[in-house]
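The values are calculated or read from the model by the stated rules, or taken from the named source; none is laboratory data. Computed from a prediction, not measured in an experiment: that's the story for all the values here. With ideal geometry, Cβ positions are generated from the backbone for all residues, glycine too; neighbour counts draw on all protein chains shown.
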Amino acid sequence: MNSPRPGQRGEFAPTSTSGHHGPQGEVETAPPNSSGGLDLFTLGEPIADTKAPDGPIETRWQRRRFDAKLVNPANRRKLTVIVVGTGLAGGSAAATLGEQGYRVRSYCYQDSPRRAHSIAAQGGINAAKNYRNDGDSIQRLFYDTVKGGDFRSRESNVRRLAEVSVEIIDQAVAQGVPFAREYGGLLDTRSFGGAQVQRTFYARGQTGQQLLLGAYQALERQIGQGRVEMHSRHEMLELIVVDGRARGIVVRDLVTGEIGCDFADAVVLASGGYGNVFYLSTNAKGCNVTATWRAHRKGALFANPCYTQIHPTCIPVSGDHQSKLTLMSESLRNDGRVWVPKAAGDDRPPRQIPEDERDYFLERMYPSFGNLVPRDIASRAAKNVCDSGRGVGQTGLGVYLDFADAIDRLGRSTIADRYGNLFEMYQRITGEDPYEVPMRIYPAVHYTMGGLWVDYDLQATIPGLFVIGEANFSDHGANRLGASALMQGLADGYFVLPSTIADYLAAGPFEALTDEHPEVVAARDDVTDRLSRLLACQGDRTVDSFHRELGQIMWDHCGMERTDAGLRKALAEIRALRDQFWQRVKVPGDGEGLNQALEKAGRVADFFELAELMCVDALHRTESAGGHFRAESQTPEGEAQRDDDHFSYVAAWEFTGADQPPVLHREDLHFEYVHPTQRSYK
Amino acid sequence: MNLTLRIWRQTGPDDPGRMVSYQVPDVSPDMSFLEMLDVLNDRLTLDGEAPVAFDHDCREGICGACGMVINGVAHGPERATTACQLHMRHFRDGQTIDIEPWRAKAFPVIKDLVVDRSAFDRIVAAGGYITAPTGAAPEAHAQLVRKSDADAAFESAACIGCGACVAACPNGSAMLFTAAKVSHLSLLPQGQPERSTRVVGMIDAHDAEGFGGCTNIGECTAVCPKGIPLTSIGRLNRDYLKATRDRDGAPAT
Ligand SMILES: Cc1cc2nc3c(=O)[nH]c(=O)nc-3n(C[C@H](O)[C@H](O)[C@H](O)COP(=O)(O)OP(=O)(O)OC[C@H]3O[C@@H](n4cnc5c(N)ncnc54)[C@H](O)[C@@H]3O)c2cc1C
Ligand code: SF4
Ligand code: FES
């Protein structure tokens, strides 16, 4: 391998010295690249989280809450908060703010708030309850999360998350969330994602659904009482910023096509993750980056966009028609054995391949963890065997997950008890019976750790703009642990935001706005112009055809494994494809009523811009960390190699204009309580 | 395989609507039903025709967004399967497939296969919750719940709010949907304090939204993708009777 050694600077490391001088006398520009001398980014002022208290970590959250200003109940009625999104984060936040007496207006693009993508989460939610007396504690959950994130998250935030986790379970149980229970009537828990304790609470394979219905019902109660006004089938297409404060949004009514403006004293974005930039992912079809990307364009910094999580056990692509990928729970790896034929091109049916011609590659490569290595490692290993021509199934992009041994050992009925519903789901989709033939699985994009930069109060760099749930970057560093997204979404929505937003709202209400305000007019005009441009192209390619192609570029070059050359190639391809998109896209119909192609077109247009920033971020971070694997930065055993000396920071990107290089602001990370170490699973 | 689709096209609430035929060649048996519609829509778009509007999001049978009547059956021929999880291997070459929206008074058509199901949200807002303001919850283990009760509550809570039950019911009743929520919450100890107000509030909202009454026909459970049993309607009826008796006072003796 002739790539830089760990610790050696890649040529795009932001401290390279080939640029012109900026405000600090130290702004660099990347050297020209092969695609024609484009400057990739410049280095700006560092950024700091000014809201996080210092001092003993155990009392930081308590002290922040005590120091934060309060809003008295009579004044809350005069303050309006817009919440975009009704998933676990947005649903719980809107309900709680309504209960506290604020005037809340809530938005989602689906026909009902209950359908937010959180509904699809399967496995469970972590909480440091230590009901099992197995050595769990807030401290251990904090430690596991910082380590799991490969030391790229903030200690203060993660510590708070671990503390709040215990309250979430109390809250959900009080709402009637039917978690799994033991015969004695106590809550059951299981282990998840390699943790050594059993701290994951679950409701069969439908934990997200049950938690979301809890939040949704609380939200509906507030709607019924007139404290929250719900706007379903509305999509936020722009953020309104007046006098430097986030003051409202421009929305399109997806049924009538009407473009309207809504004003408030604060805006909360809870719009979920951006995994659909890859086109194929386990996300719902409508998941998008538009809300956060529009805010980014208005000045909110976007942090760590290249940190994406790829889940190893998904049902493989079956053909060009594929529209999304389905996750098969990680728990299957407890009893299933992963293998491929030893010989490339061996296309015999799996049961005809004798034992000694099979390669149980995870067991071979990771003898102590075997099939249970962490997500990123299992995913990459599967990709490598497929790249070497040994993948299975029609497309060659799949590996076997075989239950034959487990069925022999435990009997069919035990396996049916454990995984029956997953086996059925698999059979429904593939038409194959996993009791008889091994499952075929392949990794798929699942979660995005990056998102809008927020401080400890969950406030973005635009005052009055708060970002919660998967939409922010806050707590998972470079890799999220299983069952921790639900925990974070609900921590943000039920407990953190409702406390911290008061500190900001205490200065309100702010000046009343009207549709005629110049900033409002400008924001609305931007939206209508964009929509008209999309409708006016009338080219010869569908929105989906562009989205698919963009996704393929991202998957090939900004997916499981990234290289300098691949990322540069991707950047050039994305730019060329984006130009094509704006010339050749065909959006049928008009903007006057329900037009699903127009909705998609707007989302894909924003994905194009995000995709570029992801590649720039991935290119600049020449280390490997968590879900970001740079082929140039690996240990001799082929594992991710961090470079703490140069990259122990959050990369927060500033938008400077279309086709202008973004500005990088670094927030240095400090580890006082958990000391960075190298992960090993051999 | 090659298929003929006859799809309900309706440009908006004021359009009377009609069935329109389309040929779809080269359908792969591995496609999902919605992917087959994607292929049709791509072609319609490039031909300058309006694509067919239909609701969908998760495409894995959990969000409840998708829903269409396929050859006369809500969600199509596979039992316990949403339209998005239905695959083309269950159809044969040369087949004609009729695709229509949910039809019910309380679910007006917005466009093509898209209907307005917001009445469901209003039924929930009328009592389908447990009042537990954030921060006021007791420690989760303060109250034990029998495993059998928790499991039964879960079975009812699994409803995805798709509306197939309403579409299948000759009366256009949403009783299965309402009963699923009532059962979920009334099976749990936390749900007891509001047990009576909940069922009355939800039933009143159900009737006000224009859903029909339940005459125990059972078409609803037959199409329900989550297998919500008819017995939950029995539980709702008992709760309702008790609640209204309590409310109206016991009859004089
Ligand atoms: C298949 C699957 C399984 C998972 N399993 C688990 C698990 O077991 N445990 C775990 O911890 N995590 C899991 N996750 C991750 C977890 O589900 C998500 O990270 C989390 O639910 C995100 O919640 P959210 O509230 O931030 O956003 P979402 O639930 O995605 O909600 C986004 C909301 O924003 C709205 N919205 C978006 N854009 C706009 C716009 N422009 N205008 C208006 N509204 C908009 C949407 O309508 C929606 O209401 C899983 C994820 C997937 C895909
Ligand atoms: S009861 Fe069944 S059919 Fe009716 S809305 Fe719920 S899941 Fe759908
Ligand atoms: S699209 Fe979500 S249930 Fe069918």
Inset, instruction - Output the residues belonging to segment B:207-229 that are assigned to a loop (DSSP other than H, G, I, E, B) and away from ligand 3 (no atom under 16 Å from the Cβ). - result: B:GLU209, B:GLY210, B:PHE211, B:GLY212, B:GLY213, B:CYS214, B:THR215, B:ASN216, B:ILE217, B:GLY218, B:PRO229
Legend entry - Single match in B:GLY12, B:GLY17 (criterion: within 13 Å of chain A (Cβ to nearest Cβ), farther than 25 Å from B:CYS224 by Cα and small (Gly, Ala, Ser)): B:GLY12
Inset, instruction - Could you tell me whether any residue of segment B:128-142 is of a type in the set (S, T, N, Q), more than 16 Å from ligand 3 (Cβ to nearest atom) and more than 8 Å from chain A (Cβ to nearest Cβ)? - result: no
Inset, instruction - Mind telling me which of the residues A:GLU637, A:GLU612 ends up being more than 14 Å from chain B (Cβ to nearest Cβ) and not in a helix (DSSP H, G or I)? - result: A:GLU637
Inset, instruction - Looking for whichever is touching a residue at least 12 places away in the same chain (Cβ under 8 Å), buried (at least 18 other Cβ atoms within 10 Å of the Cβ) and more than 14 Å from chain B (Cβ to nearest Cβ) here; the options are A:ALA512, A:ALA485. Which one fits? - result: A:ALA485
Inset, instruction - Taking B:HIS87 as meeting all but one of (1) within 16 Å of ligand 3 (Cβ to nearest atom); (2) more than 10 Å from every other protein chain (Cβ to nearest Cβ), write down the number of the exception. - result: (2)
Inset, instruction - State whether one or more residues within segment A:563-575 are surrounded by fewer than 20 Cβ atoms within 10 Å (Cβ to Cβ), in contact with a strand residue (DSSP E or B) (Cβ under 9 Å, 6 or more places away or on another chain) and either of a type in the set (Val, Ile, Thr) or within 30 Å of A:SER379 (Cα to Cα) (or both). - result: yes
Legend entry - Residues that are at the interface with chain B (Cβ under 7 Å from one of its Cβ atoms), outside any helix (DSSP H, G or I) and surrounded by fewer than 24 Cβ atoms within 10 Å (Cβ to Cβ), drawn from segment A:204-224: A:ARG204
Inset, instruction - Considering every residue within segment B:22-33, establish whether at least one is touching a Phe, Trp or Tyr at 6+ places or on another chain (Cβ under 6 Å) and more than 11 Å from chain A (Cβ to nearest Cβ). - result: no
Legend entry - Boolean, A:LEU458 is more than 21 Å from B:GLN85 (Cβ to Cβ) and either without any contact (Cβ under 8 Å) to a residue 60 or more places away in the chain or in contact with a Pro (Cβ under 7 Å, 6 or more places away or on another chain) (or both): yes
Inset, instruction - Give segment B:109-122 a look and list any residue that's within 10 Å of chain A (Cβ to nearest Cβ) and not in a loop (DSSP other than H, G, I, E, B), or say none. - result: B:ILE110, B:LYS111, B:VAL114, B:VAL115, B:SER118, B:PHE120, B:ASP121, B:ARG122
Inset, instruction - Only one of these is outside any helix (DSSP H, G or I), assigned by TED's automatic domain parsing to the domain that holds B:ALA142 and either away from ligand 3 (no atom under 16 Å from the Cβ) or aromatic (Phe, Trp, Tyr) (or both): B:SER173, B:SER183. Name it. - result: B:SER173
Inset, instruction - Filter segment A:166-178 down to residues that are in a loop (DSSP other than H, G, I, E, B), within 7 Å of chain B (Cβ to nearest Cβ) and of a type outside the set (Gly, Ala, Ser), then give me how many there are. - result: 1
Legend entry - Residue count, segment B:155-168 (criterion: surrounded by fewer than 24 Cβ atoms within 10 Å (Cβ to Cβ) and either more than 14 Å from ligand 3 (Cβ to nearest atom) or away from chain A (no Cβ under 14 Å) (or both)): 2
